[in-house]
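> My questions will all concern the structure given below.
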Amino acid sequence: MTLRVLAAMSGGVDSAVAAARAAEAGHDVTGVHMALSSNPSSYRTGARGCCTLEDSRDARRAADVIGIPFYVWDLAERFHRDVVEDFVSEYAAGRTPNPCLRCNEKIKFAALLDRAMALGFDAVCTGHYARLEDGVLRRAVDPGKDQSYVLAVCTPEQLAHALFPLGDTTKADIRREAERRGLQVADKPDSHDICFIADGDTKGFLADRLGTAPGPILDTDGTKLGEHDGAYAYTVGQRKGLRLGTPAPDGRPRYVLDISPVTNTVTVGPREALDVHEITGERPVWLGPAPEDPFTCHVQLRAHGEVYPCTVEPGDTLRITLDAPARGVAPGQTAVLYKGDRVVGSSTIFASKALGVRR
């Protein structure tokens, strides 16, 4: 079946090969580069950042080699509102967001897909490492590159108009294929950082936008141990950069246990106090009929993170009980549920219970 396909081309090797595979499969493919910055820099620095002028030019050159039409769409205003401002506001509220996940939800599978459908396209093609089989989202065969976690916020209706041509191939083979196809991005480094913080300084980025807001760093008994310049600069599970003047009585490191934007306090304590046995999730997204009864599965709490056996009690909010404790679970992160390699659904973490204390 020939489809009209809009291929999202970031300027990297993955999206270029994905577009080439879609065209080779006989689809009518058009490439589009999403301009997500109103003032893009000319060149990226190594693997830092993306969406630069260089990336746009790389995407255009790849489209020329593949032999498909190519356009640049300006989505900078939408990206700033739905991803950048969301990122800042989540940190200000004491939560830990995943901007790549939000970009997939709000930009690639909302703004881009909606525009593609309005223009008469049948599907959007991306370079994500994941598999779609009969509408079921599954992990990629390359576990080191699997991106099913960041796609789990997409609805079944959105996935019905998605193509992920790379899910059955390892990254090493994708680079070799790009070279065979004559794509100049075959050896281009991947972007590993938050694309709108190209220098990697998340704390500085937030400070520029939220300003300084000094407050106390407390021990679990309420003892003041130090000062911070802004609670937004911390995340649950953090160990470094705490600047504590008083060592722990047992000499062991302390970790961030809780962040309270209301009182502007950061609470720290021993590593074992990070152990979480129960998670509450909100705004669940089910990739199939919403379950009514409790069920067992595995949950993943961060991109490329460990998976944990659990029991899920569904509803408007989810109660996820872990068979073994997880550490460093922060509000704002996403819990993705798996049955084997199949994505069952996802939910935004609202609270967790550690050592009998809900936070």
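> With a cut-off of 8 Å between alpha carbons and a minimum separation of six or more residues, what is the relative contact order of the stretch 4-187 in percent?
Relative CO of the stretch 4-187 lands at 26 percent.
> With only alpha-carbon atoms in the gyration tensor, what are the semi-axes of the equivalent ellipsoid for the chain, in Å, largest first?
So the equivalent ellipsoid measures 38, 25, 17 Å along its semi-axes.
> Seen from all sides and averaged, what is the projected area of the convex hull of the Cα atoms in the stretch 111-263, in nm²?
Averaging across all directions leaves 14.5 nm² for the Cα convex hull.
> In addition: Counting only helical runs of four or more DSSP H residues, what would the 222 nm mean residue ellipticity of the chain come to if each run contributes -39,500 (n - 2.57) and the total is spread over all its residues? Could you put the intermediate results ahead of the total?
Details: 10 runs with 77 residues, N = 359.
That calculation yields -5500 deg cm²/dmol at 222 nm.
> Bin all alpha-carbon pair distances of the stretch 57-157 at 5 Å intervals from 0 and give each bin's fraction as a whole percent.
All Cα pairs, binned at 5 Å, distribute as 2, 10, 17, 19, 20, 19, 10, 3, 1, 0 percent.
> Follow-up. Checking a compactness column here: for the stretch 201-359, what do you get for Rg(Cα) / (2.2 N^0.38 Å), N being the number of residues?
Values: Rg = 17.2 Å, N = 159, 2.2 N^0.38 = 15.1 Å.
My calculation over the Cα atoms of the stretch 201-359 gives 1.14.
> When 1/r is averaged over all different Cα pairs and the result inverted, which Kirkwood radius in Å belongs to the stretch 275-358? Provide the component values of the computation, followed by the final result.
On the way: mean 1/r = 0.0803 Å⁻¹.
Roughly 12.5 Å, rounded to one decimal.
> Give the peptides 109-116, 10-17 in descending order of average Cβ contacts within 10 Å, highest first.
Peptide ranking by packing, descending: 10-17, 109-116.
> Just to be sure I understand the curve: with the Debye formula and one point per C-alpha of the stretch 4-187, what is log10 I(q)/I(0) at q = 0.08, 0.11, 0.14 Å⁻¹?
-0.23, -0.45, -0.76
> So, one more: Can you pull out the trypsin sites (Lys or Arg not before Pro) in the stretch 293-338 that DSSP calls coil and that have at most 16 other Cβ atoms within 10 Å?
When the trypsin sites (Lys or Arg not before Pro) of the stretch 293-338 are filtered for loop state and at most 16 Cβ neighbours within 10 Å, 327 remain.
> I would also like to ask the following. Defining a contact as two alpha carbons under 8 Å apart and six or more residues distant in sequence, what relative contact order in percent does the chain show? Don't skip to the answer; put the middle values down first.
Details: 806 pairs, mean separation 57.1, N = 359.
Rounded, it is 16 percent for the chain.
> Starting at the first residue of the stretch 157-166, write each ³J(HN,Hα) from the Karplus equation 6.51 cos²θ - 1.76 cosθ + 1.60 with θ = phi - 60°, in whole Hz, x for Gly and Pro.
5, 5, 5, 5, 10, 10, 10, 10, x, 9
> Could you give the dipole magnitude of the chain about its Cα centre, charging the beta-carbon of Lys and Arg +1 and that of Asp and Glu -1, in debye to the nearest 20? Before the final figure, lay out each step's value.
Working: 42 positive and 48 negative charges, 115 e Å.
Approximately 560 debye in magnitude.
> Cut-off 10 angstrom, C-alpha nodes, Gaussian network model of the chain. Which of 122, 173, 250 fluctuates the most?
The residue that fluctuates most here is 250.
> Could you calculate the contour length gain from residue 264 to residue 176, that is, 0.36 nm times the residue separation minus the distance between their Cα atoms, to one decimal place in nm?
Details: separation 88, 0.36 × 88 = 31.68 nm, distance 5.09 nm.
The residue 264-residue 176 span can extend by a further 26.6 nm.
> Show which lysines lie in cross-link reach of residue 108 when reach means a straight Cα distance below 27 angstrom and same-chain residues fewer than eight apart are skipped.
Here the lysines satisfying the reach criterion relative to residue 108 are 145, 171, 188, 203, 339.
> Going by amide H atoms built from the backbone, whose H comes under 5 Å of the H on residue 318, apart from near neighbours?
Long-range HN contacts for residue 318: 281, 282.
> Let me ask something additional. Can you order the peptides 71-82, 328-339, 155-166 by their average number of other Cβ atoms within 10 Å per residue, highest first?
In decreasing order of mean packing, 71-82, 328-339, 155-166 become 328-339, 155-166, 71-82.
> If you find the alpha carbon centre of the stretch 268-320 and of the stretch 72-139, how far apart are they in angstrom?
22
> Okay, next question. Over all alpha-carbon pairs of the stretch 212-273, lay out the pair-distance distribution in 5 Å bins, whole %, shortest bin first.
Binned Cα distances yield the sequence 4, 21, 36, 26, 10, 3, 0.
Values in this text are rule-based calculations from the coordinates and carry no lab data. Just so we're clear, the structure is a prediction, and the values are computed from it rather than from any experiment. Using ideal geometry, Cβ is built from the backbone for each residue, glycine included, and neighbour counts are taken over all protein chains shown.
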